[in-house]
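Participant: Dropping the structure in here first, questions after.
Just so it is clear, none of the values below were taken in a lab; they were calculated from the coordinates. What you see is a predicted model, and the numbers here were worked out from it, not measured in a lab. Neighbour counts are summed over all protein chains in view; Cβ atoms, including those assigned to glycine, are modelled from backbone coordinates with ideal geometry.
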Amino acid sequence: MARQEIFSFLEALVANNSKEWMDQNRAWYESAKQEVVKVFDPILDELKSFDPRIVQPTARKSLNRINNNLMFHPDRPTYKDHFGIGFGYGKGLADFYIHLGVDELLIAGGLWHPPTDKLKKLRMEIDYEGDRLQGVLEEEYFNTHFQLYHEDKLTNAPKGFDKNHPQIELLKMKSLAVFRPINRVDFLSDDFSELVVSSYKAVVHMLDFINVAITDGGFLE
C-alpha cells in the first residue's frame, strides 16, 4: 500500500464511521496502519539514536488507539478520523506527537491538560525560569515553524502570580504545547523523515523544560 492510501482509508472511515463498516474493512485498516508503521519505524530509529530516552520500542507501539473512548465522550464518533503517533519518555510526561488526518496534519509537542499538581509545578518553573523557556521558544528554527496553542488559557493571571510577570501569557496557559502544520505533500515527500527529526530537535528543549518542572528535576536523574 502506497502512503497516499493511508488517506484513502481515512477518507472512507470519515464517511462510514461505524463498527459495522470497520468490521467489514478490518484488513484495509490493518494495511493502512502497517503503512504508517513502515513510515515511522526508521524515523523512530533515527530519533532514538539522537535521544535514547525515548521509550517506545517500535512505531507500532507508538500508535494511538483509533477507537474513541465513548464511555467518557459518548457524543464522539466510534473511531477517530486520524492516525496519531506519540514518541516520548513515559506516561504523564510531555511528549512529541504526529497527527495524520484527512484535513489536519501536524507535528506537535508538549503537555496537554496536565492535572492541577503538575500544572502548578510547571507554572512555578515558568515563574522562576521563564527567561530560559522564552529563549527556547524564540530559537530561530522553532520560532519560524512552530506555534503555541492558545485556545485554552486563563483570562487573568493565575492565583499567586504577578499580572505583570514577563511571561504572564505562558503562565495563563492550561496546557503548554506547540504545533507545526504540515500537509500531504510534506508527508509524501522523500524529505519527510528529515522534517520530523528536525522538528524533534527543535522541540526537545521545551519538552525537557516541562518534564524537569513536573518531576521536580527527577527527569534528568
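Participant: Within the range 94-181, report the GluC sites (Glu not before Pro) that DSSP leaves as loop and that have at most 15 other Cβ atoms within 10 Å.
Facilitator: Values: sites: 104, 125, 129, 138, 139, 140, 151, 169; in loops: 104, 138, 139, 151.
Within the range 94-181, the qualifying GluC sites (Glu not before Pro) (loop, at most 15 other Cβ atoms within 10 Å) are 104, 138, 139, 151.
Participant: Identify the chymotrypsin sites (Phe, Trp or Tyr not before Pro) of the range 115-162 meeting these criteria: DSSP loop state and at most 16 other C-beta atoms within 10 Å of the C-beta.
Facilitator: Answer by residue number: 149.
Participant: Can you work out the Karplus-derived ³J(HN,Hα) for every residue in the range 95-102? Use 6.51 cos²θ - 1.76 cosθ + 1.60 with θ = phi - 60°, whole Hz, and x for glycine or proline.
Facilitator: 9, 10, 9, 10, 10, 10, x, 5
Participant: Hey, another quick one. Whole angstrom only: what separates the Cα centroid of the range 12-69 from the Cα centroid of the range 154-221?
Facilitator: About 23 Å separates the Cα centre of the range 12-69 from the one of the range 154-221.
Participant: Which pairs break 29 Å Cα to Cα here: 38/174; 33/172; 121/201; 19/174?
Facilitator: Too far apart for the 29 Å limit: 38/174; 33/172; 19/174.
Participant: Just one of (1) 0.96; (2) 0.94; (3) 0.99 is Rg/Rh (Cα atoms, Kirkwood Rh) calculated from these coordinates, so which is it?
Facilitator: Entry (3).
Participant: Next up: Search the structure for amide H atoms under 5 Å from the amide H of residue 79, placed 1.01 Å from N in the peptide plane, and list their residues when 5 or more places away or on another chain.
Facilitator: Amide H to amide H, under 5 Å and 5 or more residues apart or across chains, residue 79 pairs with 68.
Participant: Counting other Cβ atoms within 10 Å, which trypsin sites (Lys or Arg not before Pro) in the range 145-221 have at most 11 and lie in a DSSP loop?
Facilitator: Those that pass, being in a loop and sparsely packed, are 159, 163.
Participant: What number, rounded to the nearest 500 deg cm²/dmol, is the helix-based mean residue ellipticity at 222 nm of the chain, given -39500 (n - 2.57) per DSSP H run of at least four residues and division by all its residues?
Facilitator: -15000 deg cm²/dmol
Participant: How large is ³J(HN,Hα) for each residue in the range 185-190, as worked out from phi by the Karplus curve 6.51 cos²θ - 1.76 cosθ + 1.60 (θ = phi - 60°), to whole Hz, x for Gly and Pro?
Facilitator: With coefficients 6.51, -1.76 and 1.60, one gets 4, 4, 5, 7, 6, 5 Hz.
Participant: Where in the chain are the helices, taken as whole DSSP H runs, whose Cα atoms extend 30 angstrom or more along the long axis and whose Kyte-Doolittle mean reaches at least -1.0?
Facilitator: On the way: long enough: 26-50 (35 Å, -0.35); 192-214 (32 Å, 1.19).
Membrane-span-like by this rule: 26-50, 192-214.
Participant: By the scheme Lys and Arg +1, Asp and Glu -1, what is the net charge of all other residues having a beta-carbon under 9 Å from that of residue 101?
Facilitator: Working: positive: 80; negative: 81, 103, 104.
Neighbour charge sum, excluding residue 101 itself: -2.
Participant: What FRET efficiency, computed as 1/(1 + (r/R0)^6) with R0 = 35 Å and r the Cβ-Cβ distance, is obtained for residue 41 and residue 174, rounded to the nearest 0.05?
Facilitator: 0.55
Participant: Projecting each Cα onto the charge dipole of the range 50-177 (Lys/Arg +1, Asp/Glu -1 at the beta carbon, about the Cα centre), which of 64, 146, 176 comes out farthest on the positive side?
Facilitator: 64
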